[in-house]
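Trainee: My questions all concern the structure below.
FYI, it's all coordinate maths here, none of it is from the lab. No experiment lies behind these values; they were computed from the predicted model shown. As a convention, Cβ positions derive from the backbone with ideal geometry for all residues, glycine included, and neighbour counts pool all protein chains shown.
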Amino acid sequence: MRHLKQILFVAVAAITSLVVAVSCGYKVTYNLSGGSIPPEAKTFSVAYFPNNAPMVAPTLSNVLTEGLRDKFSRQTRLQQVEEGGDFAFEGEITNYTSTTASVSSGDYALQNRLTITVKVNFQNAVDQTLSFNGKTFSAYADYDSSQLLVDVQDQLIEEICEDLINDIYMAAAGNW
């Protein structure tokens, strides 16, 4: 019974807070994807992210660019436009490196780490204070050192790009 009272108290507090926020004139827009998009925003655009890293993977730019477009198409009500969206993204891949992640007691590499870094410019036409330029996002995945990078890079790129895309999404739309 005590647990039920606690749940009821939390629910009433949350509803009361929401009613107060709305009655004070705040525009509150939530969605279940972990983001907050202002109602005035209608469109988004994602420019192609070129791979300007010293080491280049042929599929990386496309996976990152299309993944970010897909994320905003699937998880927001915004409509995609070629350029000049209310939420506009552009940037570049600045780092793509494979390094040793862990070493055995005999100084042999056990795991390697693929790290991808991107620099992102985000323009929020609805609220310029939420825009950012040159913000760096980095993510990595480890793989067994007995594997060649060329044999596992496509899978690793998918994993790492998913993390990068989620981080970029939350930086742009997760401002609540």
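Trainee: Pairs of alpha-carbon atoms within less than 8 angstrom and 6+ residues apart define the contacts here; what relative contact order does region 55-166 have, in percent?
Mentor: Relative contact order for region 55-166 comes out at 25 percent.
Trainee: For the pair Leu149 and Gln128, what calculated FRET efficiency results from E = 1/(1 + (r/R0)^6), where r is the Cβ-Cβ distance and R0 = 41 Å, to the nearest 0.05?
Mentor: Computed FRET efficiency for Gln128 and Leu149: 0.50.
Trainee: Continuing with the same structure: Mind sorting Lys71, Lys42 by how few other Cβ atoms lie within 10 Å of their own Cβ, fewest first?
Mentor: Ordered by Cβ neighbours within 10 Å, fewest first: Lys42, Lys71.
Trainee: Cut-off is 10 Å between beta-carbons; in what order do Val103, Val150, Val120 appear when sorted fewest neighbours first?
Mentor: Ranking Val103, Val150, Val120 by Cβ neighbours within 10 Å, fewest first, gives Val150, Val103, Val120.
Trainee: Okay, moving on. Figure the gain on full extension for Lys135 and Asp163 (residue separation times 0.36 nm, minus the Cα-Cα span) and round it to one decimal in nm.
Mentor: Separation in residues times 0.36 nm, less the Cα-Cα distance, equals 8.5 nm.
Trainee: As a footprinting exposure proxy, order Asp154, Asp144, Asp107 by other Cβ within 10 Å, with the fewest listed first.
Mentor: Result, fewest neighbours first: Asp107, Asp144, Asp154.
Trainee: Residue separation times 0.36 nm, minus the C-alpha to C-alpha distance between Ser73 and Val56: what's the value?
Mentor: Working: separation 17, 0.36 × 17 = 6.12 nm, distance 2.74 nm.
Stretched fully, the Ser73-Val56 segment lengthens by 3.4 nm.
Trainee: Counting only residues 5 or more places away or on other chains, whose amide H sits under 5 Å from the amide H of Phe44 once H atoms are built in the peptide plane?
Mentor: Gln79, Gln80, Val81, Asp86, Phe87
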